[in-house]
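Down below is the structure, laid out as structure tokens.
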Amino acid sequence: MGQAPVIDISECTYCESCIEVCPTVFRINEETGILEVSELSKYPEKEIREAISCCPKDCIIWEGSG
């Protein structure tokens, strides 16, 4: 598997800017209320880079092999 975005929940302010930019990847779990990353076989790099740049707390990173 390639790279996947990871959210540092301890730093996240739940501003939801990542959801606005990339709703296919980022979402709020309705049961837990926690922001999470959807499991996809391939992630849209351009949209995730934009979500990373929009994050006010810099709590989204790429993880895994590239």
Next item on the list: Among the residues of region 1-13, write down those that are assigned to a loop (DSSP other than H, G, I, E, B) and either within 15 Å of I52 (Cβ to Cβ) or over 11 Å from the mean Cα position of the chain (by Cα) (or both).
Entry: M1, G2, Q3, D8, S10, E11, C12, T13
Check: Which condition breaks for V21 when tested against (1) surrounded by 14 or more Cβ atoms within 10 Å (Cβ to Cβ); (2) within 16 Å of Q3 (Cα to Cα)?
Finding: (2)
Next item on the list: Just need a number here: residues in region 39-60 that are of a type outside the set (D, E, K, R) and loosely packed, with under 13 Cβ neighbours inside 10 Å.
Entry: 4
Check: Do we have G64 as in contact (Cβ under 8 Å) with a residue 60 or more places away in the chain, of a type outside the set (S, T, Y) and at positive phi here?
Finding: yes
Notebook entry, point to check: Of all residues in region 1-44, how many are of a type in the set (S, T, N, Q) and under 19 Å from D58 (Cβ atoms)?
Noted result: 4
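Quick note: the coordinates plus some simple rules give every number you see, no bench work behind them. In this text the structure is predicted, and so the values were computed from the model without any measurement. Heads up, the Cβs are rebuilt from the backbone with ideal geometry, glycines too, and the neighbour counts pull from every protein chain shown.
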